[in-house]
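A short write-up of the structure that comes next.
The values are calculated or read from the model by the stated rules, or taken from the named source; none is laboratory data. Treat the numbers as computed from the prediction; the structure is a model and nothing was measured. Because the Cβ atoms are built from the backbone with ideal geometry, glycine has one as well, and the counts that use them run over all protein chains shown. To get the accessible areas, we keep the full protein, side chains included, count just its heavy atoms, and leave off ligands, DNA and RNA. Shrake-Rupley method; radii C 1.70, N 1.55, O 1.52, S 1.80 Å.
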Amino acid sequence: MTTAGPRGLEAAAVEAARREHGRNELASPDHRGLLRTLREIVAEPMFLLLLVAAGLYLVMGDRAEGLLLGFFAVVTVGLVVFQERRSQRALDALRVLAAPQARAWRAGRLVRLPAADLVPGDLVLLDEGERVPADGLVREGDAIAVDESLLTGESVPVRKVALASGHLATALSPGGEDRPTVFAGTLVVQGHATMEVTATGRATQIGRIGSSLATIDAAPPPMAAQLHRLVRLFAVGAVLTSVALVAWYGLTRHDWMQGLLAGTAIAMAMLPEEFPMALTIFMALGSWRLARAKVLVRRPAAIDSLGATTMLCLDKTGTLTRNELRVARLQAAQARAVDTADATHAALLRAARLASRPEASDPLDKAVFAAASGDMPDAASRIREYPMAPGRPLVAQAWQETAGVHVAAKGAPEAIAGLCRAPRGESSAWLAAAADMARQGLRVIAVAEAACATAPADLREPAFRFLGLLGFADPLRDGVAAAIAAARQAGIDVAMITGDHAATALAIAAQAGIDTSAGACEGATLAALDDAAFASAVARARVFARVTPAQKLRLVQAFQAAGHVVAMTGDGVNDAPALKAAHVGIAMGVRGTDVAREAAEVVLLDERVGSIIDGIALGRRVFDNLRRVMVYIVAIHVPIAGAALLPLVMGLPPLLLPVHVVLTEMVIDPMCSLVFEGAPARADLMRRPPAAAGRALVDLRVMARGLVQGVSMLALVLGSYALALHMGLATDGARALAILGLTAGNVALVAVNAGAELGWRSLVRRDFAAFWLVAALAGTAVMVGMWLPAARGLLHFEAPPMAGALAVLLAVSTISLALTRVVRRRAAAPARPATTRS
């Protein structure tokens, strides 16, 4: 029996080929370089306003103030570049995790390696559902068809034939039937083959036309559009207010230059440019955090949907179970079922081995080879394969032996029984035996064989003989039951959707903690139901067995129609429609096909259910923290804008100048990108119902909370300023007191929104180290500005009385405690059930 694989390239040959041809990579992904980042910063309204303010000071002869604002402009650039680099590093890490893999023969061993490491001359295994990793020639294969629409635009797959070793192909362009050439980026839709790599990287057909297959989509999620609309709305308001203020100031006070400074300050104060910045950073770093939890998010929008999941649809094999199969039960014809093979099972195991591919990665095939470890006839050679087809859950292989052609088949017991055309009583007895094995939680297949003169064109032609049953044990993964319990506690319903036997599915579901009270709903039953009856069955059952790929899609759509946000796991080519239809498609990272991974928003790197639950928790945390930071951004802009505008309307001297607005912004940006992004989750994160997917990030509730907090701080700032002026304090001294209150209030708003729900003790955790660092720097800057003579002149401060400063800090503390009580009361209120999207 010829099952030994080719030797492939030796290490020295690989290195020589790599030096000559380079790595198997196309153009690098579009990185946001430093110059591009700088161009975008220069176009930002806030940066332009900062330059305008610096220019006005220089025109007025206040060179020190102008240079100070210029310095702040440089610091702003540095902060944005730091945030961009941080996000870019996170995306680069995700691209490394998402890099495609390939299986190649190297030095006599079949190894899995990054596709980028392939070189011309490598022998690569191709399987159904995989992307071809390089251009090459099919050297061995059967019934292989490839979708080359990426290169040709033709959607109909083309058939490929093997070319004997040593021969060269005559046609090297894509398209056309019965050619041996395959091309990088195309998709194997049927069969399997061994290809010899002939071209890599930019020398491939896809490399020549400059195409690439994106693995990480960094496009912003839909909620980004809402934030940009909101920022544009505020920007229009800021421009109108600024223009009106400049005109009013110039016409009534006849000081157009001061009017321009006041107008610039109010425009800077009203522009909440932190909204889109916070979303971008949270999504990039949220994806990075999820990848550390073995959940690779290919589209940022999936973070929101993942956290809002209400229905989790799981496959059985490899997801709930370990996918480490071993033959645990055998039953040959006219023999009782046993746990250990003996002489009576030799024909059964031999046929099962002949029906299996020795180079396959399928755990079931590996288990068969481990059990059937005896010698096979050396004269046997495989001449044809019969892959699984729709409506025919079995596979077969034809072997040329000395006495003729031997065809061995294995698959679902009912399919093998139908292939054998056995009498009804005999078939019923075998199916009953299979059901008995399945009730023990075993995965059951049947085996049959036939003798022919030549390889049959159709498996219905030979007279197959039923040889027996094999039961495979696939134990439940560690931690599955705990993960399912955690999901249900979090308000997430769990369903099992499998192609396995109903009894096996129920046994595994019971062990995992999935609801089995309604029994298992089988594919044949589902196929006979109309839409209304189908919806009723979906509402009751949580275990679905013998389900076809088309029915998986229908189940996902039925759950969605019932109001669920559906997360669906899958690994095969036929799972792609259901994965794409689900709100969150989750592909298996190890055994999943390229098609499944491309259709899914999420790739599960370690294939553990626990990692899915961890991902849902992280998705909820990201959204919770985003909501908190949005409340903070709204809240802090109220006292800034009010302090820039209202004193002028009230006839008081200007309180906030552009330099003071910029100083405050220097605190806001790191608070958003460091403190809130890294804030820990609430203790009840996974003990409350999911939030509705797709809900507005900044809604009326967020605006109301932010306005209440902001107006409270505005009253403090304006009150301290007006009172200080009334008591005879100079304008610069009153301004110093008010800005001390604004800075302390800014820090207090961060503490209230980021830490109040978690308890004040949470602020001393390592998660809040950035909070204390930024707060200390902000406090130091204000102290230096008030008591260092040179800084006082630049900031238009005077050292205020110590009693006044202490009174302001006491007032900030009092307001903070009051706001904390409100926030905690809201956090303790029962969560409302999510209104899920359809």
At 0.36 nm per residue, minus the direct Cα-Cα distance, what do Gln400 and Ala335 gain on full extension? Give it in nm, one decimal, please.
20.5 nm
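Can you run the Rg to Rh ratio on the range 658-760? Use alpha carbon positions and the Kirkwood inverse-distance Rh.
Numbers: Rg = 17.4 Å, Rh = 16.1 Å.
Ratio value, two decimals: 1.08.
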What figure, in Å² to the nearest 10, do you get for the accessible area of Met671 with a 1.4 Å probe and non-protein molecules left out?
0
Search the structure for amide H atoms under 5 Å from the amide H of Gly121, placed 1.01 Å from N in the peptide plane, and list their residues when 5 or more places away or on another chain.
Val197, Thr198
How far is it, in nm, from the label point at Val236 to the one at His726 when both lie 7 Å from their Cα along the line to the Cβ?
3.9
Tell me the per residue accessible area of the range 242-281 using a 1.4 Å probe; a whole number in Å² is fine.
37
Would you work out what percent of the accessible area of the range 622-760, with all protein chains in place, is carbon or sulfur (probe 1.4 Å)?
69
Which whole-number percentage describes the relative contact order of the range 487-579, with Cα contacts under 8 Å and a sequence gap of 6 or more?
28
Going by amide H atoms built from the backbone, whose H comes under 5 Å of the H on Arg384, apart from near neighbours?
Ala398
J(HN,Hα) series, the range 324-329, from Karplus relation 6.51 cos²θ - 1.76 cosθ + 1.60, nearest Hz, glycine and proline x:
10, 7, 9, 6, 10, 8
Taking the Cα atoms of the range 713-755, what is the range of coordinates along each of the three principal axes, in descending order and whole Å?
38, 15, 9
Packing-ranked peptide list from 523-533, 191-201, highest mean Cβ count within 10 angstrom first, is 191-201, 523-533
So what J values fall out for the range 277-287 if you push phi through Karplus, 6.51 cos²θ - 1.76 cosθ + 1.60 with θ = phi - 60°, rounded to Hz, Gly and Pro as x?
4, 5, 4, 4, 5, 4, 5, 5, 6, x, 4
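Given R₀ = 30 Å, FRET efficiency for Leu809-Met650 by Cβ-Cβ distance, to 0.05?
On the way: r = 24 Å, r/R0 = 0.81.
Once rounded, the FRET efficiency stands at 0.80.
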Roughly what would the spin-label model give for Ala203 and Gln511, points 7 Å off Cα along C-beta, in nm?
5.0
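Between Met703 and Lys366, what is 0.36 nm times their sequence separation minus the Cα-Cα distance? Round to one decimal in nm. Show your work: numbers first, answer last.
Values: separation 337, 0.36 × 337 = 121.32 nm, distance 5.90 nm.
So the extension gain works out to 115.4 nm.
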To the nearest 10 Å², what's Val711's accessible area with a 1.4 Å probe?
80
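Can you give the accessible area per residue of the range 629-713, in Å², using a 1.4 Å probe? Walk me through the numbers before you get to the answer.
Values: 2400 Å² over 85 residues.
Here the residues of the range 629-713 average 28 Å² of exposed surface.
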Relative contact order, percent, of the range 547-646 when contacts are C-alpha pairs under 8 Å separated by at least 6 residues?
17
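Which value, in debye to the nearest 20, describes the size of the charge dipole of the range 612-771 about its Cα centre when Lys and Arg Cβ atoms bear +1, Asp and Glu Cβ atoms bear -1, and nothing else is charged?
Values: 14 positive and 10 negative charges, 112 e Å.
Using Cβ point charges on Lys, Arg, Asp and Glu, the range 612-771 gives about 540 debye.
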Once you sort the root eigenvalues of the Cα gyration tensor of the range 406-527 as a ≥ b ≥ c, which label holds: rounded (a/c under 1.5), prolate (a/b larger than b/c) or oblate (the other case)?
prolate
Cα gyration tensor of the range 493-580, axes a ≥ b ≥ c as square roots of the eigenvalues: rounded (a/c below 1.5), prolate (a/b > b/c) or oblate?
rounded
Can you give me the relative contact order of the range 591-680 as a percent, contacts being Cα pairs under 8 Å and 6 or more apart?
30
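When ligands, DNA and RNA are left out and all protein chains stay put, how many square angstrom of accessible area per residue does the range 444-572 have with a 1.4 Å probe?
Numbers: 4730 Å² over 129 residues.
Per-residue accessible area for the range 444-572 comes out at 37 Å².
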For the range 766-776, take each phi angle, set θ = phi - 60°, evaluate the Karplus expression 6.51 cos²θ - 1.76 cosθ + 1.60, and give the result in whole Hz per residue in order, putting x for glycine and proline.
4, 4, 9, 4, 5, 4, 5, 5, 5, 4, 5
Where a ≥ b ≥ c are root eigenvalues of the Cα gyration tensor, a/c under 1.5 meaning rounded, otherwise prolate if a/b exceeds b/c and oblate otherwise, the range 515-566 counts as rounded
